[in-house]
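Engineer: Got a structure here, written out as structure tokens. Questions coming.
FYI, it's all coordinate maths here, none of it is from the lab. Source: prediction; values computed, not measured. Because the Cβ atoms are built from the backbone with ideal geometry, glycine has one as well, and the counts that use them run over all protein chains shown.
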Amino acid sequence: MVTHNNLDDLSQRLSNVSISNEDGTEEPANPPRRRAPIDDYFYQHASRPGSRFTYDGDSRLKIRATFDILARSEKWRRKKRMNEKQKFFEAIDAEFTTRFGDGSRLETWQRLVAMFNPDDPVPHSITRCDKILSGYFINIFDFLDYCRAMAIDEQSGVQGDLSSIDKGSLQILRTYSKTNNLLYPLDMAKGRVLKAFLVHMF
């Protein structure tokens, strides 16, 4: 069970060093975040003149289902849908990089591990973190939906409980992903964090 004390303790242990605004200006130390790549992808279609697709950026929306709604709204034929699906996959890869960096920061991997096991000791290497994460079976669409809904990224500290979306076994994960059309091609994954969660499927 994840408790506030667990999360407070882990956030304290894993928190980033804050940067003070020493120049005395009124500009905030943390500028507003840019629009996420997935939102950019959907907004580009929603804002196209004559588009039948609407999008309000609601972080609770399921991104794979939203893509299907977009395709139906725009009446895409097979070739167009395939071309757009590739752009959609590229946006997903970019979103992982936006949220978790290029996978080179140990703190990022420690936070991901802590979201599965907040009570366990924090691993001290990326290799160890990667090995621990390989013991979980989660669909990357579910993972990204969860992160978007919970506003989880590299800067947000420890929060949430990713064990809630763990399928428990490779067979269950594969069946679930195929049945619900939640497959992501490994060759489209550039970011290290995204690849870490796809390795089971291929």
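Engineer: Tell me the net charge near LEU133. Cut-off is 12 Å between Cβ atoms, LEU133 excluded, with +1 for each Lys or Arg and -1 for each Asp or Glu. Walk me through the intermediate numbers first.
Structural biologist: On the way: positive: ARG111, ARG128, LYS131, ARG192, LYS195; negative: ASP130, ASP166.
Overall, the nearby charge balance is +3.
Engineer: Subtracting the Cα-Cα distance from 0.36 nm times the residue separation, let me have the gained length for ASP68 to GLU90 in nm, one decimal.
Structural biologist: Working: separation 22, 0.36 × 22 = 7.92 nm, distance 1.61 nm.
Value of the extension gain: 6.3 nm.
Engineer: With the contact rule set at Cα under 8 Å and sequence spacing of 6 or more, what percent relative contact order holds for the range 35-201?
Structural biologist: Relative contact order, the range 35-201: 27 percent.
Engineer: Please find the FRET efficiency linking LYS131 to ALA151, where r is the Cβ-Cβ separation and R0 is fixed at 22 Å, and quote it to the nearest 0.05. Mind dumping the intermediate values first?
Structural biologist: Working: r = 27 Å, r/R0 = 1.25.
Efficiency at R0 = 22 Å is approximately 0.20.
Engineer: Between HIS124 and ASP187, how many nm apart are label points set 7 Å from Cα along the C-beta direction?
Structural biologist: Distance between label points: 4.2 nm.
Engineer: At 4 °C and 1.567 mPa s, grab the translational diffusion coefficient of the range 35-201 from Stokes-Einstein with a Kirkwood Rh over Cα pairs, rounded to a whole number in µm² per second. Don't skip to the end; give the middle numbers.
Structural biologist: Values: Rh = 16.7 Å.
In µm²/s, the coefficient rounds to 77.
Engineer: Between ARG78 and TYR43, what length in nm is gained on full extension when 0.36 nm per residue of separation is reduced by their alpha carbon distance? Mind dumping the intermediate values first?
Structural biologist: Numbers: separation 35, 0.36 × 35 = 12.60 nm, distance 2.18 nm.
Extending this stretch completely gives an extra 10.4 nm.
Engineer: How far, in nm, would the chain grow between THR175 and PHE53 when pulled straight, counting 0.36 nm per residue and subtracting the alpha carbon separation? Write out the running numbers ahead of the final one.
Structural biologist: Details: separation 122, 0.36 × 122 = 43.92 nm, distance 3.05 nm.
That pair, THR175 and PHE53, stretches by 40.9 nm at full extension.
Engineer: Let me ask you something else. Check the straight Cα-Cα distances from LYS178 and name the lysines below 19 Å, setting aside those fewer than 8 residues away within the same chain.
Structural biologist: Those lysines meeting the cut-off are LYS62, LYS85, LYS167, LYS195.
Engineer: Here's another thing I want to ask about it. Using only alpha-carbon positions, what ratio does the radius of gyration of the range 44-108 give when scaled by 2.2 N^0.38 Å? Walk me through the numbers before you get to the answer.
Structural biologist: Details: Rg = 14.3 Å, N = 65, 2.2 N^0.38 = 10.7 Å.
Normalised by 2.2 N^0.38 Å, the Cα Rg of the range 44-108 equals 1.33.
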